[in-house]
Structure formats: C-alpha cells, structure tokens
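Here the structure comes first, spelled out in structure tokens, and everything after it is commentary.
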Amino acid sequence: MSLGRHIQVIRTTSPRSFLISVRVTRETLPVQIVPSLVPLYSQKDPPAWEAGWCPFLRREADGLFACTIYPFRPRICREFRCMTMRILDRSGREAGRVKGRASLVSGDPRLVQLWNDAVAPLAGLPEKEFASRCRGILASHGFDVEIFDE
Ligand code: SF4
C-alpha cells in the first residue's frame, strides 16, 4: 500500500504489459498482468485501488488483496519478509517468529518465557547490540536465530 511512490509504470507495452521502474532499487523490468486477474486489475477506483498504492495492488470483493503481477513482481517484493527474525530449535524446526523489534509469535512456552524475561527488556538497545545480545541469549538456551535486517 505504501509502495506507490516507488513502483511506477514508465511505459505501457500492451493492454496488459508494462515496463516499470522501482525507484529504491533502480530496477527497470517488464511485467504482465496475470490473465485471470485482468478484470480485477481493470478496477482502478476505490475500494479496489486507492491513490498512493502500488499500481498493481488490488482489493478484492472479499476484502483480501492481490498482486496482479505476482509472477513478475520486482525483486524488492520477492525479498520482502514480514518478519525480522526467525528462531529455530535444536532440531532446526521453527520455534518462533519476531515481528518488528520484539514482538514474538511462538507456540513454545519455554521460548516465550525466555523471550519475556531476558530478550524483550533489551528492546531499547541500539539495533546491532540488541541483535547480538538476543542471539547470544537464545543460543545459550539452544535456539538458533536468523535475523533478516542485520
Ligand atoms: S507485491 Fe505486487 S502489489 Fe505488492 S508492491 Fe509488489 S508489485 Fe505491487
């Protein structure tokens, strides 16, 4: 919804093909509307599309959202992860996900307790120090951490 100023159509090459530019990554790439989504894409007014949104985002009638160029979406969209950290247990299974700085989603009570007691209180530290302390605390209790914004 906030990428409208970064993803811009610079040329229309057919009724459903475009050349777009992505300002933040300086990418220029050809994209096509997914054939089954052409009717949805052609809805260019609220509530299907609002000013400022990415030109290819659409709200469907059921309230869900669709990227109408999904197979062709730019690298910045492919690499987007809606979490900042993934925590794995000793067997390599995902034990938790972290959104933002310190919002843990986990079904592992041991991890939740550890997080609340030892990690969450560090959330005010500078980013690199927080990441390093967090990794050390979790590692000392047998958890491995993937930090995506490090
Ligand atoms: S995923 Fe699709 S709709 Fe979302 S910003 Fe990227 S191109 Fe636009």
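The values are calculated or read from the model by the stated rules, or taken from the named source; none is laboratory data. For clarity, every value in this text was computed on a predicted model and none was experimentally measured. Heads up, the Cβs are rebuilt from the backbone with ideal geometry, glycines too, and the neighbour counts pull from every protein chain shown.
Across region 56-80, which residue is farthest from the ligand (Cβ to nearest atom) among those that are closer than 21 Å to GLN43 by Cβ and in a helix (DSSP H, G or I)? Full working, then the answer.
So in region 56-80, the residues closer than 21 Å to GLN43 by Cβ come out as 56-73, 77.
Within this subset, residues satisfying the condition of being in a helix (DSSP H, G or I) are 70-72, 77.
Numbers: TYR70: 6, PRO71: 10, PHE72: 8, CYS77: 3 Å.
Selected residue: PRO71.
Taking the stated definitions as given, is VAL31 at pLDDT 95 or above and either more than 17 Å from the chain's Cα centre (by Cα) or farther than 18 Å from THR13 by Cα (or both)? Quick ask: steps written out before the conclusion?
Working: at pLDDT 95 or above: yes; either more than 17 Å from the chain's Cα centre (by Cα) or farther than 18 Å from THR13 by Cα (or both): yes.
Criteria met by VAL31.
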Go through (1) surrounded by fewer than 16 Cβ atoms within 10 Å (Cβ to Cβ); (2) modelled with pLDDT under 90 and name the single condition SER132 misses. (2)
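For residues that are surrounded by 14 or more Cβ atoms within 10 Å (Cβ to Cβ) and touching a residue at least 12 places away in the same chain (Cβ under 8 Å), scanning just region 116-129, find the one that is farthest from ILE147 (Cα to Cα). Can you show your working first?
Start the filter on region 116-129 by keeping residues that are surrounded by 14 or more Cβ atoms within 10 Å (Cβ to Cβ), which leaves 118-120, 122, 125.
Then keep just the ones that are touching a residue at least 12 places away in the same chain (Cβ under 8 Å); that gives 118-120, 122.
Details: ALA118: 17, VAL119: 14, ALA120: 15, LEU122: 16 Å.
Checked region 116-129; the qualifying residue farthest from ILE147 (Cα to Cα) is ALA118.
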Scan (1) more than 16 Å from the ligand (Cβ to nearest atom); (2) within 30 Å of ARG5 (Cβ to Cβ); (3) of a type in the set (D, E, K, R); (4) touching a strand residue (DSSP E or B) at 6+ places or on another chain (Cβ under 8 Å) for the single condition ASP108 breaks and write down its number. (2)
